[in-house]
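What follows is a single structure, written as structure tokens, with notes after it.
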Amino acid sequence: MRIANLENRAVLVHGDSDVERAIDIATASNGRFGPAPASIYESWDEFKAWASSYEVDGQAEYTIAIDRSRLGAPSPTPRQVFAIGLNYRSHAAESGFDAPTQLPPVFTKYVSSFSGPDTEVVLPPGGNVDWEIELVAVIGREARNIDAGSAWSHIAGLTVGQDLSERVSQLAGPAPQFGLGKSFAGFSPQGPWLVTPDEPADPDDLELSCAIDGEEVQKGRTRDLIFPVPDLVAALSRTVTLYPGDVLFTGTPAGVGIGRDPQRFLRVGERLDSWIDGIGELHQTFVDDSETK
Ligand code: ZN
């Protein structure tokens, strides 16, 4: 099952071709669920049961042709956003750190940086903006002190995320400024939709990549996560309560710009394509702030 955020209304997505179609969940459920995407996660188990039988019954008429420019982040108003640093050995190594043996660094990306899958992003003046393709998980059931074995049952689904990162502000101070350096407007594109964990052949082994103007710069597999998704959810839940709709960026594999020799950062006019097999793609182009004034 795939769920998208089409102009802040939750929709069910259908189609294997280039043109995905959708059905409005609030309309189809006679107001029982939606319209806001956040309300779907608040009643996730009931919603999923309804949507499964609705699709099986063959009642669904997917009348809305999806215009990707109208898509937003699948969970646009989470109560909490978690992001994980150094969660692949190859990326820890290129960053000059030993691979973590305890839970890796946890920080946030502020919700004001969220966007949908296809966007223009302003490069902050004087900044060095870097790319980080990441698998993003959205919580579907409140989780407090859970085991890794039950973690997938607390996850509504998975989506593609870019943890865009401005390295000058991130690294200027005596301690890393992760939250702000990664939260400029448009720095957390996500989408194009949420895919439920039962859809991929193995939700713990997904290939993720990104390319700049067609040149592949990152490629990894989520089986190489030091803390896989279930372990992250369980570990976080031992300190905090995770709420339906909460968003978790799970970390990036090797190939970011700051880890290269020479270092490389995104430039005006470049296009960044990011994808995860079985989930979907993001497309960002970069502009300077004079182009948006
Ligand atoms: Zn990251």
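The values are calculated or read from the model by the stated rules, or taken from the named source; none is laboratory data. Just so we're clear, the structure is a prediction, and the values are computed from it rather than from any experiment. Methodologically, a virtual Cβ is constructed for each residue, glycine included, from the backbone with ideal geometry; neighbour enumeration extends over all protein chains shown. Quick note on the areas: whole protein, heavy atoms, side chains included, nothing else; ligands and nucleic acids left out. Shrake-Rupley method; radii C 1.70, N 1.55, O 1.52, S 1.80 Å.
Remarks
- Exposure of TYR110 as accessible area (Å², to 10), given a probe of 1.4 Å and all protein chains: 110
- Each peptide among 44-51, 270-277 gets the average number of other Cβ atoms lying within 10 Å of its residues, and from highest to lowest they stand as 270-277, 44-51.
- Remark: spin-label model distance ARG144-VAL287 equals 4.6 nm, labels positioned 7 Å along the Cα→Cβ axis.
- ARG32-ASP202 FRET efficiency (beta carbon distance; Förster radius 41 Å; 0.05 resolution): 0.80
- The smallest convex shape that holds all Cα atoms of the range 140-293, its convex hull, gives 141 Å³ per residue.
- Antiparallel DSSP beta bridges within the chain, as percent of all bridges there, nearest 5: 80
- The long axis of helix 44-56 is offset from the longest Cα principal axis of the chain by roughly 60 degrees.
- At 0.692 mPa s and 37 °C, Stokes diffusion of the range 209-250 via Kirkwood alpha-carbon radius, µm² per second: 262
- Each 10 Å bin from 0 upward holds the following percent of the Cα-Cα pairs of the range 29-144: 9, 29, 32, 20, 9, 1.
- Stokes-Einstein D for the range 150-230, Kirkwood Rh over Cα pairs, 25 °C, 0.890 mPa s (µm²/s): 164
- Cα gyration tensor shape for the range 82-197, rounded if a/c is under 1.5, else prolate or oblate: oblate
- Between LEU103, LEU242, LEU225, the GNM of the chain built on Cα springs shorter than 10 angstrom shows LEU103 fluctuating the most.
- Per residue solvent-accessible surface (Å²) - the range 53-104, probe of 1.4 Å: 54
- Between TYR110 and SER43, the distance separating the two model label sites (each 7 Å from Cα on the Cα→Cβ line) works out to 3.4 nm.
- Distance from the range 67-88 to the range 96-146 (C-alpha centre basis), Å: 8
- Size of charge dipole - the chain - debye, nearest 20, with Cβ of Lys, Arg +1 and Asp, Glu -1, no other charges: 860
- Accessible surface of the chain [probe 1.4 Å, protein heavy atoms]: carbon and sulfur percent: 48
- When the alpha carbon gyration tensor of the chain is reduced to an equivalent ellipsoid, the three semi-axes, largest first, read 30, 22, 17 Å.
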